[in-house]
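Peer 1: Below is a structure I'd like to ask you about.
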């Protein structure tokens, strides 16, 4: 991990971004590590949230472009999976954007919302709120924030 992810806020941003896209990585562990090592917890939570949000919005963008080859190759999401979630995503887009932080299904939500051309302002806002809440709760549960 050392070298690729410097133990700085930039490294946390990169780790959070990648954990929301193609590489399975625990950005929560890096967040905890940085806070324990003295990084400002509020800055760390905001940076982790921003990185994870940018990663989620990149999945939204790939879905928006609608290139199934990219979706299946880079995000490893099958077309059948997105089609299965279509009606639910269409009716409750903001809720699913908020929940896009969830493991395994979060990428499906983000890509599906992009394919459906959901309102980008609502999607981006709800997605950031969900990811921010995730890191606040993580910090609170580990006793590092607040």
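Peer 1: Which one of these does residue 62 not meet: (1) part of a helix (DSSP H, G or I); (2) more than 22 Å from residue 120 (Cα to Cα); (3) in contact with a helix residue (DSSP H, G or I) (Cβ under 6 Å, 6 or more places away or on another chain)?
Peer 2: (2)
Peer 1: Right, something else. Answer yes or no: is there a residue in segment 77-88 that is touching a helix residue (DSSP H, G or I) at 6+ places or on another chain (Cβ under 9 Å) and either under 24 Å from residue 30 (Cα atoms) or in a loop (DSSP other than H, G, I, E, B) (or both).
Peer 2: For segment 77-88, residues touching a helix residue (DSSP H, G or I) at 6+ places or on another chain (Cβ under 9 Å) and either under 24 Å from residue 30 (Cα atoms) or in a loop (DSSP other than H, G, I, E, B) (or both): present.
Peer 1: Okay, next question. Would you check if there is a residue in segment 72-91 being under 14 Å from the mean Cα position of the chain (by Cα) and either crowded, with 19+ Cβ neighbours inside 10 Å or over 18 Å from residue 129 (Cβ atoms) (or both)?
Peer 2: Let us first name the residues in segment 72-91 that are under 14 Å from the mean Cα position of the chain (by Cα), namely 75.
Next, only the ones that are either crowded, with 19+ Cβ neighbours inside 10 Å or over 18 Å from residue 129 (Cβ atoms) (or both) stay: 75.
Yes.
FYI, it's all coordinate maths here, none of it is from the lab. Keep in mind it's a predicted model, so treat the numbers as computed, not measured. In this analysis, Cβ positions are derived from the backbone assuming ideal geometry, glycine residues included, and neighbour counts consider all displayed protein chains.
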